[in-house]
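**Q** The structure is given below, and queries will be raised subsequently.
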Amino acid sequence: MYKIVKREELAHGTIILNEIEAPQIAKKAKPGQFVILVVNETGERIPLTMAEVDKERGTITIIYMIVGKSTKLFSTLQVGDGYKDVVGPLGEPTHIENFGTVVCVGGGTGTAVLHPITRGMHEAGNKVISIIGSRTKDYLIMEEQMAKVSDEVRICTDDGSKGRHGFVTEELEEILKAQKVDLVVAIGPVPMMKFVSLLTKKYDTPTMVSLNPIMIDGTGMCGGCRVTIGGKTKFACVDGPEFDGHQVDYDGLMRRLQAYTVEEQHSEDCMFEKEA
Amino acid sequence: MTFEIEAKEMTKKERRQIPKQQMPEQDAHIRNKDFSEVTLGYSLRDAQYEAARCIQCKDPACVKGCPVGIDIPGFLEMIVNEDRAGAIHRVWESTALPAVCGRVCPQEIQCEEVCVVGLKKGKEPVGIGNLEMYIADWARKNEVVNDIKIAPSTGKKIAVVGSGPAGITVAGDLAIKGHEVTIYEAFHKAGGVLLYGIPEFRLAKDIVDYEIEQLKALGVKIVCNTVVGRTVDVDELIEEYGYNAVFIGVGAGLPNFLNIKGEDLNGVFSANEYLTRANLMKAFDFPNYDTPIIPGKNVAILGAGNVAMDSARTAVRLGAKKVTIVYRRTREQSPSRDIEIHHADEEGVEFKFLTSPLEFIGDASGKLVGINCEKMVLGEPDEGGRSRPIATGEHEYIDCDLAIIAIGTSANPLLTKTTKNLELNQWGNIEADKKTGKTTKKGVWAGGDITLGQATVILAMGMGRDSANSIDAYLKGEEEW
């Protein structure tokens, strides 16, 4: 069992943070890498990119939004409980170096994944501007943490309750117009990454995105996580999860993410029935 | 057929008259609806009569035909004499996995192919595989414990990477020789391909679990959730963890794709993914188990090897109305065992030979609806005597909502690319000495599919046996690196 040592509820309890004891993974993990978690004997394998790693405490932190049966089960785990299985670190780490000016764009729980990458970019000597987007100010996460590792943080909300009233792409375009940007890192919902990439393509700014397709093993064995990058098939688990944002077939990725919509709904319904 | 006298009382001449004892099987139309095992197993009397068909050759070809050299005439005669404890111990001397091998070994190209009884026209070889399965199942059901003596501790530590057939064999052998063995497995459960690849109806998973328990009883430690190459690398195992030797048996896990248009459509799977969902993750029991699988009404399987048959028969059991094997060569050229094709055929799987896929076709929502194929003909035999399929230009459209690609697997580079001084061949397989399993990296051995490419359970076990002997000799200072 992989014990939970800290649990926090964010964004009105819709997003959960778990700090988990996993010393071997913590020792090796680098920004951008993910783990696969299994909640119990009948659980499925769920990949999540790590939001934080504490090598001294031997822990890793995941932050997830409650969206389906598995994350609902995850959310029932309290401090002292644990996951049956956690395996990792998986995937290639983020390529971090001094690029010059880097804009880090995070949406939803993507901001949690973006945080260690942002810190890495900052520590490598980059000028870092971060843009965080969410529906309303109540769903904003990691604002303080991002501020600590960025030269500047800009907020966008869909309803204007904080920061810019609008999308992260509008904020990003303003920056791209005003100054030279050497790299954009965008992590969040697929449509956000798609529109950020379309925009940066216009400005010819290199863009890196982190993909989270459906996968089973996370080691290249099933091919379920295959994504089309520049017309070629790649496995997100071993070739990624980060890719050149300008090369990703986002529509294909969206389609594949919806492959089990019917089954997922059925699974959740059965869970509710059992509870009732 | 019943006999008036017991097998053990028969004369040699009488024994030769015994017809082949057929393996009882579940009826095809009942078994194709659930995942329970197809073969039901011999009764004691079946087993005795079948074993009595062995003519006890002085220089038995079958033993040479077995990659791990089981004393076949020896254990068969013990079955005839109802000395079942003796028989299972005789088998255990050479294999740690008899219940598995009895079921999944291609005996028809190994021990049974060279069996003298079967060489005569119109005669069938002794059912060695069936008898191995019988004796192993008897031992399991009767909780017979391997009373093999474990050698005194040598104080040497060995890491085995991968818990498939090669790793299990190495671990068992070395534990018996007194070494401290730890197996590292990437998945959350041990067993490798026996667990994720081979379906329940061909190899019940409680058998694999039992074999793993036997291994633990020998003192082997099993650590799951460890991806060597990511969680820990080979050099760390040696330098930091203090292992004196490392055996790599990670298999050939990377699925090959066809690289044709539409392969990313929903409904197109690698056999690895489809079978892993169904077997390891138990998606056949969804939603009691959380992992889903697309059931598919009309299923096309691309490829015609054993894995293709496993996929086809899994699809039948998951409720598909129609399952078709699509293969660009002929039935005779299929790499599958005859018994697998036969079983698939019985269960209602259809076959379309000399048909090659060109493009997957999807609907507006990105779901698979069919495959454009091209008809092939067999050309003149090439230098190797094998006829190549030649495209005719004639197209055929196959309706399907699920397609499973089963055209083989390649070496997974995850471990090899993070390990220094480990030489690979042009296909990415580890270069290992054929006799000893030694790699180009000191203190590191390898065996099974990661060295052979895609092969069989028993070949992996044979290589595991050779590596275990070499590791033992090396650690005892009897063999130089």
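Values in this text are rule-based calculations from the coordinates and carry no lab data. Model, not experiment: these values are computed from the prediction. Cβ atoms come from the backbone with ideal geometry, glycine included; neighbour counts cover every protein chain shown.
**Q** Label B:I55 and B:N259 with points 7 Å out from Cα along Cα→Cβ: what is the distance between them in nm?
**A** It is 5.2 nm.
**Q** Hey, another quick one. Taking amide H positions as placed 1.01 Å from N in the peptide plane, with prolines and chain starts having none, which residues 5 or more places from B:E200, or on another chain, fall under 5 Å of its amide H?
**A** none
**Q** Let me ask you something else. Using a Förster radius of 41 Å, what is the FRET efficiency between B:E431 and A:E152 based on their Cβ-Cβ separation? Nearest 0.05, please. Could you put the intermediate results ahead of the total?
**A** Details: r = 53 Å, r/R0 = 1.30.
With R0 = 41 Å, the Cβ-Cβ based efficiency is 0.15.
**Q** Among DSSP beta bridges lying fully in the protein assembly as shown, give the percent that are antiparallel, nearest 5. Intermediate results must be reported in sequence, preceding the final value.
**A** Numbers: 55 of 112 bridges.
Antiparallel: roughly 50 percent of the beta bridges in the protein assembly as shown.
**Q** Give me the percent of DSSP beta bridges within chain B that run antiparallel, rounded to the nearest 5. Intermediate results must be reported in sequence, preceding the final value.
**A** Values: 21 of 54 bridges.
Counting only bridges with both partners in chain B, antiparallel ones make up about 40 percent.
**Q** Distance between Cα centroids, region A:1-38 to region B:369-418: provide it in whole Å.
**A** Between the Cα centres of region A:1-38 and region B:369-418 lies a distance of 43 Å.
**Q** Taking only DSSP H segments of four or more residues, each worth -39500 (n - 2.57), what value at 222 nm results for chain B once the sum is divided by all its residues, to the nearest 500 deg cm²/dmol? Present the calculation step by step, with values, prior to reporting the outcome.
**A** Values: 19 runs with 157 residues, N = 481.
Taking each H run of at least 4 residues, the total per residue is -9000 deg cm²/dmol.
**Q** Using every Cα-Cα pair within region B:245-287, state what percent have a distance larger than 14 Å. Could you put the intermediate results ahead of the total?
**A** Working: 578 of 903 pairs.
Tail of the P(r) past 14 Å holds 64 percent of the pairs.
**Q** Which aspartates and glutamates have a Cα less than 14 Å from the Cα of B:K20, not counting those fewer than 8 places away in the same chain?
**A** Correct list for B:K20: B:D46, B:E50, B:E112, B:E124.
**Q** So, one more: For a footprinting-style exposure proxy, rank A:T205, A:T111, A:T233, B:T182 by other Cβ within 10 Å, fewest first. Let's see the in-between values first.
**A** Details: A:T205 22, A:T111 28, A:T233 14, B:T182 18.
Ascending number of Cβ neighbours within 10 Å: A:T233, B:T182, A:T205, A:T111.
**Q** Equivalent-ellipsoid semi-axes (√(5λ), Cα gyration tensor) for region B:1-129, whole Å, largest first? The partial results should precede the final answer.
**A** Details: eigenvalues 100, 73, 48 Å².
They are 22, 19, 15 Å, listed from largest to smallest.
**Q** For a quick check of your reading of the filter: which trypsin sites (Lys or Arg not before Pro) in region A:146-180 sit in a DSSP loop and have no more than 10 other Cβ atoms within 10 Å?
**A** A:K180
**Q** Quick check: pseudo-label points 7 Å beyond the Cα along Cα→Cβ at B:E423 and B:E143, how many nm apart are they?
**A** Reported label-point gap for B:E423 and B:E143 is 5.2 nm.
**Q** Okay, next question. Is there a simple number for the mean count of other chain Cβ atoms within 10 Å of the Cβ of residues in B:225-234, and what is it? It would help to have the intermediate numbers written out before the result.
**A** On the way: counts 12, 4, 10, 0, 2, 12, 10, 3, 1, 0.
If you average over the peptide's residues, the count of other-chain Cβ atoms is 5.
**Q** If you don't mind, there's one more thing I want to ask. Express in whole angstrom the spacing between the alpha-carbon centres of region A:207-242 and region B:451-479.
**A** Between the Cα centre of region A:207-242 and that of region B:451-479, the gap is 34 Å.
**Q** If you filter region A:183-274 for chymotrypsin sites (Phe, Trp or Tyr not before Pro), then keep DSSP loop positions with at most 13 other Cβ within 10 Å, what is left? Mind dumping the intermediate values first?
**A** Details: sites: A:F195, A:Y203, A:F235, A:F243, A:Y250, A:Y260, A:F272; in loops: A:Y203, A:Y260.
Sites meeting the loop and neighbour criteria: none at all.
**Q** Just add up the charged neighbours of B:G74: K/R +1, D/E -1, any other residue whose Cβ is under 13 Å from the Cβ of B:G74.
**A** On the way: positive: B:K58, B:R90; negative: B:D71, B:E77, B:D83, B:E93, B:E132.
Residues near B:G74 contribute -3 overall.
**Q** Check A:R164: other-chain or 5+ apart residues with amide H under 5 Å from its amide H, H built from backbone geometry?
**A** A:I155, A:C156, A:T157
**Q** Between A:K55 and A:Y203, what length in nm is gained on full extension when 0.36 nm per residue of separation is reduced by their alpha carbon distance?
**A** Result for the pair: 49.4 nm of gain on full extension.
**Q** Given H placed on each backbone N at 1.01 Å, which residues far from B:V160 in sequence or on other chains put an amide H within less than 5 Å of it?
**A** Result for B:V160 returns B:T182, B:I183, B:Y184, B:F247.
**Q** Additional query: Divide the volume of the convex hull of the Cα atoms of chain B by its number of residues and quote the answer in cubic angstrom per residue. Display every interim value, and only then the final one.
**A** Numbers: hull volume 80.7 nm³, N = 481.
Convex hull volume per residue, Cα atoms: 168 Å³.
**Q** For the modelled label position 7 Å from the Cα of A:M254 along Cα-to-Cβ, which residues of region B:364-402 have backbone nitrogen atoms closer than 15 Å?
**A** Flagged as within label range: B:364-367.
**Q** What list of whole percents do you get for P(r) of region B:144-224, with Cα-Cα distances grouped in 5 Å bins up to the one holding the largest distance?
**A** Per 5 Å bin, starting at zero, the Cα-Cα P(r) for region B:144-224 comes out as 3, 16, 27, 23, 16, 10, 3, 1, 0 percent.
**Q** Kindly write out, for region B:119-135 in residue order, the coupling ³J(HN,Hα) from the Karplus curve 6.51 cos²θ - 1.76 cosθ + 1.60 (θ = phi - 60°), rounded to whole Hz, with x marking Gly and Pro.
**A** So the Karplus estimates, Gly and Pro as x, are 6, 5, 4, x, 9, 9, x, 4, x, 5, x, 4, 6, 5, 4, 4, 6 Hz.
**Q** For region A:135-245, give me the percentage of DSSP beta bridges that are antiparallel, rounded to the nearest 5 percent. Don't skip to the answer; put the middle values down first.
**A** Details: 7 of 12 bridges.
Taking every DSSP beta bridge with both residues in region A:135-245, the antiparallel ones total about 60 percent.
**Q** Would you compute, from DSSP H runs of 4+ residues alone, the mean residue ellipticity of chain A at 222 nm, taking -39500 (n - 2.57) per run and dividing by the full residue count, rounded to the nearest 500?
**A** Details: 8 runs with 81 residues, N = 276.
Computed mean residue ellipticity for chain A: -8500 deg cm²/dmol.
**Q** Also, quick follow-up: Taking every pair of alpha-carbon atoms in region A:1-63, give the share separated by more than 18 Å as a whole percent. Let's see the in-between values first.
**A** Values: 681 of 1953 pairs.
It works out to 35 percent of all Cα pairs.
**Q** A follow-up question, please. Percent of alpha carbon pairs in region A:120-276 separated by more than 25 Å?
**A** Values: 5203 of 12246 pairs.
Tail fraction, whole percent: 42.
**Q** How crowded by other chains is B:291-303, given as the mean number of beta carbons from other chains within 10 Å of each beta carbon?
**A** Values: counts 10, 11, 2, 4, 1, 0, 0, 0, 0, 0, 0, 0, 0.
Going residue by residue through B:291-303 and averaging, the value is 2.
**Q** Still on this structure: Counting just the Cα atoms, what span does the protein assembly as shown cover along each of its three principal axes? Round to the nearest Å and put the largest first.
**A** Over the protein assembly as shown, Cα extents along the principal axes are 98, 65, 61 Å.
**Q** Ok, one more. Would you mind calculating the relative contact order of region A:72-225 from Cα pairs under 8 angstrom and at least 6 residues apart, reporting the percent as a whole number? Numbers along the way, then the final one.
**A** Working: 249 pairs, mean separation 32.1, N = 154.
Relative contact order comes out at 21 percent.
**Q** Straight-line reach from A:K177: which aspartates and glutamates fall under 13 Å, measuring Cα to Cα and dropping same-chain residues less than 8 apart?
**A** A:D204
**Q** Continuing with this model, one more query. Give me the count of lysine pairs in region A:193-276 whose alpha carbons sit under 22 angstrom apart, restricted to pairs 8 or more positions apart or on different chains. Kindly include the intermediate steps, with their values, before the conclusion.
**A** Numbers: A:K194/A:K202; A:K194/A:K232; A:K194/A:K234; A:K201/A:K232; A:K201/A:K234.
Lysine pairs meeting the criterion: 5.
**Q** What whole number of Å gives the distance from the Cα centroid of region B:120-181 to the Cα centroid of region B:260-339?
**A** 31 Å
**Q** Follow-up. Just tell me how shielded A:85-94 is by partners: mean number of partner chain Cβ atoms within 10 Å of each residue's Cβ, no decimals.
**A** Values: counts 5, 2, 10, 5, 3, 5, 1, 0, 0, 0.
Across A:85-94, the average partner-chain Cβ count within 10 Å equals 3.
**Q** Return the distance in nm (one decimal) between the two label points of a simple spin-label model at B:K121 and A:M1, each offset 7 Å from Cα along Cα→Cβ.
**A** 7.0 nm
**Q** Same structure again: I'd like the GluC sites (Glu not before Pro) in region A:96-202 restricted to DSSP loop residues with at most 14 other Cβ atoms within 10 Å, sorted by number. Could the numbers behind the result be given before it?
**A** Values: sites: A:E97, A:E123, A:E143, A:E144, A:E152, A:E170, A:E171, A:E173, A:E174; in loops: A:E97.
Here the sparse-neighbourhood loop sites are A:E97.
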